[in-house]
Amino acid sequence: MTHSPTATIHDQQEEIKKLAQRRNAVILAHNYQLPEIQDLADYVGDSLALSRIAAETDADEVVFCGVHFMAETAKILSPNKRVFIPDAKAGCSLADSISAEQLRAWKAEHPGAVVVSYVNTTAEVKAETDICCTSSNAVEVVQSIPADQEILFCPDQFLGAHVQRATGRNNIHLWLGECHVHADISPTGLKEAVAQHPEADLFIHPECGCTTSALWMASHGDFPAERTHILSTGGMLEAARTSTTATVLVATEVGILHQLRKARPDTQFAAVNPEAACPYMQMITLDKLLNCLREGKDEVDVEPHIADAARSAVERMIAIGQPGGGE
Ligand code: 13P
Ligand code: SF4
C-alpha cells in the first residue's frame, strides 16, 4: 500500500513523538522551523522562550530543532543533560560574523567596557561576554547597565542600532555583523510592500535591514507610527493574538508565518520578502529528527571551561525581560 505524502508526514511525526517519549526527551522548535517540525514539537518559541524552557525542563534530553548556537545555549544552561540537534551543520551567518579572537581584540581596544552579545553567537564568544540578550530583551538588557558605562554590542548591527535608538545612549559601540537573511529584508522591499498594502500593520524583527527605514517612515509621517511594531518572533505572536487589523506585513524569516497563521487564521499575513528563508533552519527535517532520536546524534557538547565561563552571561539574559516582549 502506498501512503499519501500527508500520511507519511503524520507517520513520521508520530514515530518521532514516541521515540522522544521513550528517551524522556523534550523537543524544542524555533519559530523559523519548517511547519511539520513546529507541529510536532513540545514547545515552539523564540530564542529567549526556548532558552528558558531548556533551563527549566526536567526531561533527561533536549532535542533542539533550531540552529547550533541555540543547542549550545541549552547545553550551557543544562550541562548535565544530553542536548541534541538533528544536524550539527545548521549554523548561523550572524553567529559566524564574530569570533572569540575578534571579540578579545575589540575588548582590548575598549578596556572596562561591558560586552553585550546577542544570543546568536558561539559558546566561545559568550564566554568572553558579560551579558547576553535576545531580540526580545536587548533593550532591557542594555537599560540594566549603568548609563555612564561604555558598551560593546555584538554582533548584529541592525539590532544594535535599534537598541541605540530605543535607549538614547551614545556610548554603545556596534560590531558590524549581520544575518544574511534579515539583511536582505531591505528598505526597498519594505517600501514596495507598504505601497501594495497601505492599510496593513508592520511587524518588523530588529535584525532586518529595513528596521531603520521603517522607523524613519513612522517618524516622518510616511507610515503611521501606531502601526509600526519592532518585535521579536515571540513578540509578533503576542501582538497577532490581540491585533484587530485585517493584514499584517511581516519582516522576518518566513517560518514565523506558520505560527502567525495558526494563531490568527482570520488575518492575512504577508512576508515583506517571501524569499527570506534561513537555509540553516531548513536543514532540520523530519528525516534528520527521526535519525537523531533513533541514533542519538548529533550530540552537542560545549567544553566545560567554556560553558562555565559563558553561563553567567546567559543566566543574566534569561533573568531579564518577559517572554515574547519586544518593543
Ligand atoms: P528571535 O529572537 O525572535 O527568536 O529571533 C532570533 C533569530 O534570528 C533566530 O535565528
Ligand atoms: Fe542565523 Fe539569520 Fe538564520 Fe537566524 S535567520 S539562524 S540569525 S542566519
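The values are calculated or read from the model by the stated rules, or taken from the named source; none is laboratory data. Note that the structure is predicted; figures quoted are calculated from it, not measured. Note that each Cβ is placed from the backbone with ideal geometry, even for glycine, and that neighbours are counted across all protein chains shown.
Structure values in brief
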{"read-out": "Residue match in the stretch 261-272 (condition: within 16 Å of ligand 1 (Cβ to nearest atom), surrounded by fewer than 20 Cβ atoms within 10 Å (Cβ to Cβ), within 23 Å of the chain's Cα centre (by Cα) and without any contact (Cβ under 8 Å) to a residue 60 or more places away in the chain)", "value": "yes"}
{"read-out": "Selected residue (criterion: farthest from GLU299 (Cα to Cα)) from residues of the stretch 23-70 that are more than 16 Å from ligand 1 (Cβ to nearest atom) and β-branched (Val, Ile, Thr)", "value": "THR57"}
{"read-out": "Answer residue from the stretch 174-232, given it is crowded, with 16+ Cβ neighbours inside 10 Å and polar (S, T, N, Q) and is modelled with the lowest pLDDT among those", "value": "SER232"}
{"read-out": "Pair list, Cβ < 6 Å and 6+ apart or interchain, from the stretch 156-169 residues that are touching a residue at least 60 places away in the same chain (Cβ under 8 Å) and within 13 Å of ILE98 (Cβ to Cβ) to residues that are within 14 Å of ligand 2 (Cβ to nearest atom) and among the hydroxyl-bearing types (Ser, Thr, Tyr)", "value": "ASP156/TYR118"}
{"read-out": "Residue ID - surrounded by the fewest Cβ atoms within 10 Å (Cβ to Cβ), chosen from residues in the stretch 81-123 that are closer than 16 Å to ALA309 by Cα and polar (S, T, N, Q)", "value": "SER99"}
{"read-out": "Matching option when the condition is over 17 Å from the mean Cα position of the chain (by Cα) and modelled with pLDDT under 95, among GLU56, GLU61, GLU36", "value": "GLU56"}
{"read-out": "Residue in the stretch 68-86 that is in contact with a strand residue (DSSP E or B) (Cβ under 8 Å, 6 or more places away or on another chain), of a type in the set (Phe, Trp, Tyr) and within 23 Å of PRO279 (Cβ to Cβ) present", "value": "yes"}
{"read-out": "Strands (runs of 3 or more DSSP E) within the stretch 146-212 that include 3 or more residues away from ligand 1 (no atom under 16 Å from the Cβ)", "value": "172-174"}
{"read-out": "Matching entry among SER219, SER232, SER243 (being within 14 Å of ligand 2 (Cβ to nearest atom) and either of a type outside the set (A, V, I, L, M, F, W, C) or under 18 Å from VAL181 (Cα atoms) (or both))", "value": "SER232"}
{"read-out": "Any hit, the stretch 116-139, residues being modelled with pLDDT under 95, under 22 Å from ASN31 (Cα atoms), among the small types (Gly, Ala, Ser) and outside any helix (DSSP H, G or I)", "value": "yes"}
{"read-out": "Positions within the stretch 297-327 being modelled with pLDDT of 95 or more and either over 23 Å from SER144 (Cα atoms) or among the aromatic types (Phe, Trp, Tyr) (or both), in sequence order", "value": "ASP298, GLU299, VAL300, ASP301, VAL302, GLU303, PRO304, HIS305, ILE306, ALA307"}
